[in-house]
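Structure, as structure tokens:
The values are calculated or read from the model by the stated rules, or taken from the named source; none is laboratory data. Keep in mind that this is a model prediction, so the values were computed, not measured. FYI the Cβ positions are ideal-geometry reconstructions off the backbone, even for glycines, and counts take in every protein chain you see. Only protein heavy atoms, including side chains, enter the accessible area calculation; ligands, DNA and RNA are left aside. Shrake-Rupley method; radii C 1.70, N 1.55, O 1.52, S 1.80 Å.
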Protein chains: 2
Amino acid sequence: MKESFGLAKLIRSILALGLAIVISTGGFAEALAQTDPLPSWNDGATKTAITDFVARVTTQGNADFVPPSDRIAVFDNDGTLWCEQPEYFQALFAFDRVRAMAPEHPEWKETEPFKSFLAGDKEALGALGEKPLLVLVETAHSGMTTDVFAKSVADWLVQARHPRFNRPFNELVYQPMLELLAYLRTNGFKTFIVSGGGVEFMRVWADKAYGIPPEQVVGSSGVVKFEIGADGKPELMKLPKVEFVDDGPGKPVGINRFIGRRPILAFGNSDGDLQMLQWTSAGSGARFGGIVHHTDAEREYAYDRRSKVGKLDKAWDEAKAKGWTLVDMKQDWKVVFPEKP
Amino acid sequence: MKESFGLAKLIRSILALGLAIVISTGGFAEALAQTDPLPSWNDGATKTAITDFVARVTTQGNADFVPPSDRIAVFDNDGTLWCEQPEYFQALFAFDRVRAMAPEHPEWKETEPFKSFLAGDKEALGALGEKPLLVLVETAHSGMTTDVFAKSVADWLVQARHPRFNRPFNELVYQPMLELLAYLRTNGFKTFIVSGGGVEFMRVWADKAYGIPPEQVVGSSGVVKFEIGADGKPELMKLPKVEFVDDGPGKPVGINRFIGRRPILAFGNSDGDLQMLQWTSAGSGARFGGIVHHTDAEREYAYDRRSKVGKLDKAWDEAKAKGWTLVDMKQDWKVVFPEKP
């Protein structure tokens, strides 16, 4: 440090840095706070398992110490960071979009699966098999530029409401998990989403909802094509073709492709997260596997082994066998969703 | 801040934070340094174009101000951050690997393209067309786990030497570009590699060479498959199948897929970077497009329009038309490579 750089100036500079310091350094923030970093988690074995793990990997000199650059934490999204009932929110988005697009597509009145869908004929739709659902989702997710798609997601979040909770979907995130994400970042972790959901769908709102920037969101994707548009400007067109399914065995593949190193902490809630949990926990050194178990029909939903969305069967058995931490939503969480803004 | 948190303690905490502060905040680091952040760049229009751009986008209140979260900078690798002559280094790696693997494959003595390659018969190899090169590269890049592959790259970097400079390949990075990367990060930019090279090849050494962590390296990739190995442990197997070519129009697609937002600065050196430069510079607000022009046969190499590796033809014309900054290696750089360690 230059001697001419006086103490008063140094302190002013430091105070001006405020937020940057708090964000970048766990120890200092903790020294300032001295409060419970996980206030929405009830005291008990689950909370202790989390805080013990973080203490072990962040304590210099400890045998389990992990340098900050290797503190990679991955989180499933649907059912782990936000609600996924009565249906994946992204499917509800697709249905709403197709309805909104219908006036511009009079031909849909005579074309399946649009005809049955727009008529609200679930039975006829079901009789068509699994394909129609994919067609509806693809219709809402392709045939437009990436910018236009992102706007359609942002607009939907403003207008749409959850059928049971009557709140915007991006408010139905889990308050205890928000605290966990912040707590990990305060302790030098880099937090990623690794979700079966569409990467371009999540990136629109994930930064604001979770503090996770676009480049730390890993998800499923469709093929995108670079073109020079009619106005001479380059654009990225979304094509109706699946490119990558970031689910089940696709999750460790996605982690390898996008992150390029093995996480030391993984959190999921369903069998779609099994391989991500296996891959994470098979690394050397201290590892943490966590599963959100939906046990709270009153405040959220109760489901697991036989659920249509969020089936937790094989991963449940392996969690028991391998000592992954099962979060009992009803018992472990003081609150589920954040207060209304 | 708590009142009990005394000034002396505050200053001690702050000094202990040292590096974190310098990394996270441009202004403060600059105030401490007050030295030329780009010492290997000669003064002139090129250097001024860079520093002017950074000043414009980082000055609060300026019309061109860009918040730190949107300060995304992307860099091609071959020919932009490190040397790419007389051949892409990754191809030289593949050739060395195939030679090293040959004793375990006696059948290669009678199988093309291995037979001609191992016999050093370039003419016979050339007569087989383009496919043989791909077969050799795929052989070195598949049929093993991601961990085994990463080790083969690390081992090669220790042993192999550049045919002309007689230095390890990862020492043949451009000193002025290292300074540029550090300068941008000091000013709140997040730096990414966006290269046609293999992502798993680059991630092995990019962090040490450039300060760019694995999750900020975007590149071409082969298909990877999740498996439970013979020892019951999960592993990722590299298959001999191309998954994604992050070159030409693939670069903006890769940026969209991995980063999820449009860069404000892009640096390349060849036609393979054209679409990345177009995509970056077509965004609203201040944008910087840069091209490294190889003009220095004495210290490095001189090539452009008709080069086999690193052809700079269409992107050269568009750089002139659009006002992208052309770096003249011979004129703009005081040194090319870092001093030997």
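Can you find a residue that is more than 16 Å from the chain's Cα centre (by Cα) and farther than 25 Å from residue B:335 by Cα anywhere in the range B:286-303? Yes, the range B:286-303 contains a residue that is more than 16 Å from the chain's Cα centre (by Cα) and farther than 25 Å from residue B:335 by Cα. Set side by side, the residues B:151, B:131, B:115 differ, and just one is more than 30 Å from residue B:290 (Cα to Cα) and at pLDDT 95 or above, which is B:151.
Taking the conditions (1) in contact with a Ser or Thr (Cβ under 9 Å, 6 or more places away or on another chain); (2) touching a residue at least 40 places away in the same chain (Cβ under 8 Å); (3) open to solvent by 40 Å² or more (accessible area, probe 1.4 Å) in turn, residue B:314 satisfies each one other than (1). Counting the residues of the range B:142-152 that are closer than 17 Å to residue B:223 by Cβ and open to solvent by less than 30 Å² (accessible area, probe 1.4 Å) gives 5. Pairs under 7 Å by beta carbon, first residue free of Cβ contacts under 8 Å to residues at least 40 places away in the same chain in the range B:38-66, partner in a helix (DSSP H, G or I), six or more apart or different chains? Close Cβ pairs satisfying both conditions: B:62/B:56; B:65/B:57. Within the range B:150-195, being in a helix (DSSP H, G or I) and of a type in the set (Lys, Arg) holds for B:151, B:185. State all residues of the range A:193-241 that are within 17 Å of residue A:255 (Cα to Cα) and charged (D, E, K, R); if no residue qualifies, say none. Scanning the range A:193-241 gives A:200, A:203, A:215. The range A:1-105 holds helices (runs of 4 or more DSSP H) entirely within its bounds, and those carrying 2 or more residues that are within 14 Å of chain B (Cβ to nearest Cβ), more than 26 Å from the chain's Cα centre (by Cα) and at pLDDT below 95 map to A:7-24, A:26-33. Scanning the range A:172-202 for residues that are under 17 Å from residue B:259 (Cβ atoms) and touching a Lys or Arg at 6+ places or on another chain (Cβ under 8 Å), we see that the one that is surrounded by the fewest Cβ atoms within 10 Å (Cβ to Cβ) is A:190. Please determine whether any residue of the range B:324-331 is among the basic types (Lys, Arg) and either touching a helix residue (DSSP H, G or I) at 6+ places or on another chain (Cβ under 7 Å) or open to solvent by less than 40 Å² (accessible area, probe 1.4 Å) (or both). Scanning the range B:324-331, I find no residue that is among the basic types (Lys, Arg) and either touching a helix residue (DSSP H, G or I) at 6+ places or on another chain (Cβ under 7 Å) or open to solvent by less than 40 Å² (accessible area, probe 1.4 Å) (or both), so the answer is no. Kindly indicate whether residue A:134 is surrounded by 15 or more Cβ atoms within 10 Å (Cβ to Cβ) and either aliphatic (A, V, I, L, M) or out of contact with any Phe, Trp or Tyr (no Cβ under 9 Å at 6 or more places or on another chain) (or both). Considered against the rule, which asks whether it is surrounded by 15 or more Cβ atoms within 10 Å (Cβ to Cβ) and either aliphatic (A, V, I, L, M) or out of contact with any Phe, Trp or Tyr (no Cβ under 9 Å at 6 or more places or on another chain) (or both), residue A:134 comes out as no.
Results for (1) of a type in the set (A, V, I, L, M); (2) under 28 Å from residue B:274 (Cβ atoms), shown as yes or no for each residue.
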site	(1), (2)
A:234	no, yes
A:243	no, yes
A:246	no, no
A:267	no, no
A:277	yes, no
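All of (1) hydrophobic (A, V, I, L, M, F, W, C); (2) within 13 Å of the chain's Cα centre (by Cα); (3) more than 11 Å from chain B (Cβ to nearest Cβ) hold for residue A:189 with one exception: (2). Note on the range A:278-288: residues that are surrounded by 24 or more Cβ atoms within 10 Å (Cβ to Cβ) and closer than 16 Å to residue A:180 by Cβ amount to 1.
When restricted to residues that are among the charged types (D, E, K, R), out of contact with any helix residue (DSSP H, G or I) (no Cβ under 6 Å at 6 or more places or on another chain) and without any contact (Cβ under 8 Å) to a residue 60 or more places away in the chain, the range B:87-108 contains 3. The residue that is farthest from residue B:68 (Cα to Cα), among those in the range A:219-254 that are more than 9 Å from chain B (Cβ to nearest Cβ) and touching a helix residue (DSSP H, G or I) at 6+ places or on another chain (Cβ under 7 Å), is A:240.
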